[in-house]
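Q: Just passing along the structure, written as structure tokens.
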Amino acid sequence: MISKKLPHIFYGGDYNPEQWSEEIWLDDMRLMQKAGVNLVSIGIFSWASLQPNEDTYNFEWLDKLMDLLAQNGIYADLATATAAQPAWLSQKYSDVLPVDIKGNRLSYGSRQSYCPNSISYRRLGQKLVRMLAERYKGHPALALWHVNNEYACHTPSCYCDNCAATFRKWLKKKYGSIENVNKAWGTNFWSQHYYDWDEILPPRATTAQNNPGQVLDYRRFMSDSILELYMGEKEILREVTPDIPITTNFMSDFKPLDYFKWAENIDVISWDSYPNPEPGYHPGWAALNHDIMRGLKNGKPFILMEQAPSQVNWRPVNTNKRPGVMRLWSYQAMAHGADAIMFFQWRQSLKGAEKFHSAMVTHTGNENSRVYREVEKLGNELKGLSEILDSTVSAKTAILFDYENWWAVEYTPGPSENLKYMEQIRNYYNALFDLNIPVDIVPVNGDLSKYSLVIAPLMHMVKPGVKENIESFVSKGGTFITTFFSGIVDENDGVFPGGYPGPLKDVLGIKVEEFDALEPHMNNKFKVTQYLGKASGEYNCNLWCDVVHTDTARILAVFTEDYYAGYPCITENSFGKGKAYYIATQPEQDFIKEFLKYICRIDNIVPPLDVPEGVEVMPRVKDGKEYLFILNHNNSEINIILPPGEYIDLVSNKIINNTLKLPPKEVMILNQK
Ligand code: GLA
Ligand code: ZN
């Protein structure tokens with residue numbers, strides 16, 4: 001359970017009462033209770049309201065608010081208020097504002113305009129955090145700490161002189177000597193050799209490409225610097241309030257921070273989900289992010305900290321969520337492991353950059369809006385679903401995911417700037433999603449023993465220990481799939497000597513002689529030459545083709561065009577008790593789906609229920625009891641035949657026998673009686 005104080009599904013949102021009069025606060029309490037709100041995130045952007053100057057603090061308004069929340073039975077996810085520093089602080093201390101890659105110091109006047117390594121920002125921020133922790137440590141409303149906000153969202157990197165000096169210290173600690181830095185980065189190239197530590201700079205804007213090893217280390221350094229920033233606040237909170245859980249809200253498809261490394265220091269993962277509700281949106285988009293978040297702490301339930309009740313304000317065009325969609329997507333988050341459903345924000349602002357971002361209470365200012373009615377309905381439903389708390393998702397299929405691989409493969413100049421790691425992950429994830437096969441997202445050095453199938457799309461970088469991890473998984477009987485441009489570089493972004501796919505050669509039983517990047521208007525085809533279930537015949541492929549030679553592997557499909565026509569496109573290698581597959585191109589999605597269906601069947605991985613297309617099924621389990629989420633993403637009603645038995649739908653509390661009808665955007669949570 002996330003908080004013993006609040007043994008229910010958390011429901012609420014970001015609440016910014018400093019934008020409103022105290023009279024409105026009272027109406028907020030009424031409307032929150034009516035909507036089933038039990039938790040609000042407060043103080044996220046309150047630093048300027050809490051501290052008018054360096055010597056003066058003003059906590060009175062927050063005292064009042066905390067008391068008011070407690071009187072109304074609503075809990076606080078209290079923020080550390082450091083997400084945006086006051087103007088006076090930026091003016092007074094010259095090390096605070098961040099510097100961009102071209103050397104321009106940015107101005108204040110927005111938010112998150114601080115350098116992660118600024119001593120003054122850290123010192124004053126931590127002082128405020130200690131005061132907040134001391135002041136509210138025994139307060140009955142305090143349920144959760146919300147450190148900062150969406151770290152690195154606007155300022156993923158700073159290039160100031162202080163960051164340069166701190167980077168050198170970080171390198172000294174990592175490499176010990178400057179010669180080791182030279183070796184790791186391969187500086188016998190373009191005259192880049194460093195003789196003195198002070199010669200080393202952040203990879204600032206320069207004439208042509210920066211050194212890829214340096215860029216990779218700078219990303220690691222920035223992720224670590226921002227983590228250190230978080231740790232500074234977290235340690236104070238832990239010391240003063242050891243029993244209050246601590247979180248910081250993560251983001252979707254977010255590249256700058258190595259969330260796996262961060263997660264060890266966070267009590268409960270939380271994240272902000274903003275799918276674009278446009279026609280054609282694939283619900284696998286949010287599902288993958290939910291699964292990444294669940295994977296960060298090895299399956300532990302997480303908090304959906306923010307989602308829009310309807311439209312956002314920051315896309316070029318901001319479409320509304322259609323009726324029923326917010327509710328459906330909230331249940332989707334729960335289906336994938338969320339134990340909390342929260343929004344940005346409670347009451348829609350009248351001023352500021354986010355005045356046209358939707359909110360639970362819209363500009364009508366009261367309960368009379370479609371959005372509020374939907375929020376109210378969901379909140380009151382969730383009150384009855386507390387028994388789902390702490391149940392977990394169990395999957396037999398894993399996708400390996402690695403932030404450093406993402407950084408390396410997308411910086412490397414060549415062979416194709418169109419190669420995007422997340423897209424390659426999604427090709428395989430979406431196919432499994434469409435097949436209703438639950439997936440865990442696992443780090444490359446994670447424990448693979450509970451999985452039957454492990455997929456590592458575009459595993460370009462193979463870090464120490466990963467070869468052994470995969471070989472041991474396959475030799476014990478696991479099925480492993482990887483794709484083109486994998487097994488190419490080590491953890492320093494240096495190509496493995498002796499040819500591709502480097503350390504993956506043995507398990508895959510192949511050699512890759514060359515790779516060919518295809519222009520967007522180019523493609524190739526491949527022909528399946530062995531029985532692969534319904535994945536037979538000829539398919540299109542694009543983006544990339546490897547020229548492959550088999551060693552011990554068997555050929556399952558061959559390219560049919562260009563100078564590598566007849567060369568292997570898909571191979572299978574028996575290794576110990578298991579099998580390893582290599583897919584040397586980006587096949588059309590239909591193939592990936594049929595191929596994975598075939599592989600899953602062999603591995604005895606079956607969807608929890610047979611359902612029509614566009615229906616998502618996810619099981620959560622607790623104490624041997626299964627909660628089967630069924631979500632109809634379609635715009636039409638569907639029928640499903642259930643295995644014999646009697647079920648109860650926990651959302652409607654209705655008994656369901658063998659057939660069920662699910663209207664468009666509807667959801668059920670079935671429990672077999
Ligand atoms: C982010 C931030 C919020 C708000 C929303 C708007 O998630 O954390 O403060 O700006 O975006 O969508
Ligand atoms: Zn800096």
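Q: Only one residue in 93, 108, 136, 114 is at pLDDT 95 or above, touching a helix residue (DSSP H, G or I) at 6+ places or on another chain (Cβ under 7 Å) and away from ligand 2 (no atom under 16 Å from the Cβ), so which one is that?
A: 136 is the lone residue from the list that is at pLDDT 95 or above, touching a helix residue (DSSP H, G or I) at 6+ places or on another chain (Cβ under 7 Å) and away from ligand 2 (no atom under 16 Å from the Cβ).
Q: Residues that are over 23 Å from residue 437 (Cβ atoms) and open to solvent by 10 Å² or more (accessible area, probe 1.4 Å): which strands (runs of 3 or more DSSP E) entirely in the range 630-673 hold 1 or more of them?
A: 647-649, 654-656, 659-662
Q: Also, quick follow-up: Out of the range 549-565, which residues are open to solvent by less than 60 Å² (accessible area, probe 1.4 Å) and either more than 14 Å from residue 585 (Cα to Cα) or outside any loop (DSSP other than H, G, I, E, B) (or both)?
A: Answer for the range 549-565, where residues must be open to solvent by less than 60 Å² (accessible area, probe 1.4 Å) and either more than 14 Å from residue 585 (Cα to Cα) or outside any loop (DSSP other than H, G, I, E, B) (or both): 550, 553, 555, 556, 557, 558, 559.
Q: If you don't mind, there's one more thing I want to ask. Out of all the residues in the range 566-604, which are open to solvent by less than 10 Å² (accessible area, probe 1.4 Å) and closer than 30 Å to residue 642 by Cα?
A: Within the range 566-604, 591, 592, 595, 596, 599, 600 qualify.
Q: Looking at (1) open to solvent by less than 10 Å² (accessible area, probe 1.4 Å); (2) part of a loop (DSSP other than H, G, I, E, B), which one does residue 530 not meet, given that it meets all the others?
A: With (1) open to solvent by less than 10 Å² (accessible area, probe 1.4 Å); (2) part of a loop (DSSP other than H, G, I, E, B) applied to residue 530, the lone miss is (1).
Q: Quick check: anything in the range 333-343 in contact (Cβ under 8 Å) with a residue 40 or more places away in the chain and either open to solvent by 10 Å² or more (accessible area, probe 1.4 Å) or in the same structural domain as residue 620 (by TED's automatic domain parsing) (or both)?
A: No: the range 333-343 contains no residue that is in contact (Cβ under 8 Å) with a residue 40 or more places away in the chain and either open to solvent by 10 Å² or more (accessible area, probe 1.4 Å) or in the same structural domain as residue 620 (by TED's automatic domain parsing) (or both).
Q: Going through 440, 493 one at a time, which residue ends up being in the same structural domain as residue 543 (by TED's automatic domain parsing), in a strand (DSSP E or B) and crowded, with 20+ Cβ neighbours inside 10 Å?
A: 440
Q: Separate question: Which condition number does residue 11 fail, the rest of (1) within 16 Å of ligand 2 (Cβ to nearest atom); (2) open to solvent by less than 10 Å² (accessible area, probe 1.4 Å); (3) of a type in the set (Ser, Thr, Tyr) being met?
A: Of (1) within 16 Å of ligand 2 (Cβ to nearest atom); (2) open to solvent by less than 10 Å² (accessible area, probe 1.4 Å); (3) of a type in the set (Ser, Thr, Tyr), only one is false for residue 11: (1).
Q: Right, next: Can you tell me how many residues within the range 472-482 are open to solvent by 30 Å² or more (accessible area, probe 1.4 Å), touching a Gly at 6+ places or on another chain (Cβ under 8 Å) and part of a helix (DSSP H, G or I)?
A: Number satisfying all stated conditions: 1.
Q: From 52, 86, grab the single residue that is away from ligand 1 (no atom under 16 Å from the Cβ), over 26 Å from residue 373 (Cβ atoms) and open to solvent by 50 Å² or more (accessible area, probe 1.4 Å).
A: None of the others qualify; the one that does is 52.
Q: Would you say residue 181 is under 25 Å from residue 100 (Cα atoms), buried (at least 20 other Cβ atoms within 10 Å of the Cβ) and within 16 Å of ligand 1 (Cβ to nearest atom)?
A: no
The values are calculated or read from the model by the stated rules, or taken from the named source; none is laboratory data. Being a predicted model, the structure only gives us computed values, none of them experimental. We place every Cβ from the backbone using ideal geometry, glycine too, and count neighbours over all the protein chains shown. All accessible areas refer to the heavy atoms of the entire protein, side chains included, with ligands and DNA or RNA removed. Shrake-Rupley method; radii C 1.70, N 1.55, O 1.52, S 1.80 Å.
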